[in-house]
Ligand code: G1P
């Protein structure tokens, strides 16, 4: 059976206010985690899940995202001539020719509006990936695709959050179906603490049937005065099923300073060429004994 999910939408028009002042002139999606921009990680995750068509919903001052996915023949020739093959591999553009589509949101009306802007290139179930979020398990989207193929339902990635933090996320009501799989029973965008249906959040990976586009067309501005994807999802839930898949791996919210620093440290620590640098920095700068000072000796 050929794979059903071949298109992914990447909303990359946001201002990145949490990362100002850097994002005055650098799109937040181009901020570098270790040695590659954030958007590289999500595109790689989509490639790993068999995606063949990459739709970027961009805004003003985001042209360098488009450039990033282009070839630079002079650079590639030079690296090849010098036999710097690992670097050559790293700079080779992906997706392949003709597989990336760039379109403009034009007005910052919210995540739901950004996804709706892709309507003319959506003709089948598709994925949406929020590039702020790096999943360390970059095979998770592939599992969501498999779950969609099994259930034919919309699929959302979930992560449990601290009940005090629910106001930052889309939150779902749910019933367990199998191990880490759930049936979604309700969705609400950024509820107040104490009013959330659970502590399970929408983490920023979605698979939708094309009907979401029709609903987005009629979705009024919601939380924060923006057209919210979660509101259209709640409308779709009234006549189509949603499966949830609980992500239990490490996740970095790189739209925040904390998540961005954690991603850099964690992914650099995994790189054999950088691990010693981090270990040395810790030895030189931290009083290791303080880490153990609260451990009680029996
Ligand atoms: C968006 C979604 C929200 C989701 C979150 C995940 O919010 O609207 O439902 O939980 O991404 O990161 P944002 O963080 O863009 O405000």
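FYI, it's all coordinate maths here, none of it is from the lab. All values reported here derive from a predicted model rather than from experimental measurement. Backbone-built Cβ (ideal geometry, glycine too); neighbour counts: all protein chains shown.
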Residues 54, 94, sorted so that the one with the fewest Cβ neighbours within 10 Å comes first: 94, 54
Along Cα→Cβ, 7 Å out, is where each label goes; now give me the distance between the ones at residue 280 and residue 268 in nm to one decimal. 1.2
Relative exposure of 148, 239, judged by other C-beta atoms within 10 Å (fewest first): 239, 148
Beta bridges by DSSP in the chain, antiparallel share as percent, to the nearest 5: 60
For the pair residue 15 and residue 70, what calculated FRET efficiency results from E = 1/(1 + (r/R0)^6), where r is the Cβ-Cβ distance and R0 = 22 Å, to the nearest 0.05? 0.35
What FRET efficiency, computed as 1/(1 + (r/R0)^6) with R0 = 30 Å and r the Cβ-Cβ distance, is obtained for residue 77 and residue 121, rounded to the nearest 0.05? 0.35
Residue separation times 0.36 nm, minus the C-alpha to C-alpha distance between residue 96 and residue 192: what's the value? 30.2 nm
At q = 0.14 Å⁻¹, what log₁₀ I(q)/I(0) does a Debye calculation on the Cα points of the chain give, no solvent, two decimals? -1.11
Between residue 35 and residue 177, the two model label points (7 Å from Cα along the beta-carbon direction) sit apart by a distance in nm of 4.2
Which one, 132, 253, 287, has the greatest fluctuation when you compute a Gaussian network model over the chain with C-alpha springs under 10 angstrom? 287
Tensor-based shape of region 1-87 (alpha-carbon gyration tensor, a/c under 1.5 rounded, otherwise prolate or oblate): oblate
Springs between alpha-carbon pairs under 10 angstrom, Gaussian network model over the chain: which of 173, 50, 225 fluctuates most? 225
Gyration tensor verdict on region 118-246 (Cα atoms; rounded if a/c is under 1.5, prolate if a/b is larger than b/c, oblate otherwise): rounded
GNM of the chain, Cα pairs under 10 angstrom: of 282, 39, 26, the biggest fluctuation goes to 282
When 217, 226 are arranged by how many other beta-carbons sit within 10 Å of their Cβ, fewest first, they go 217, 226
Quick one: grab the alpha carbon gyration tensor of region 159-226, order the square roots of its eigenvalues as a ≥ b ≥ c, and give me rounded if a/c is under 1.5, else prolate or oblate depending on whether a/b is larger than b/c. oblate
Counting only Cα, what are the radius of gyration and maximum Cα-Cα distance Dmax of region 1-46, in Å? 13.6, 48
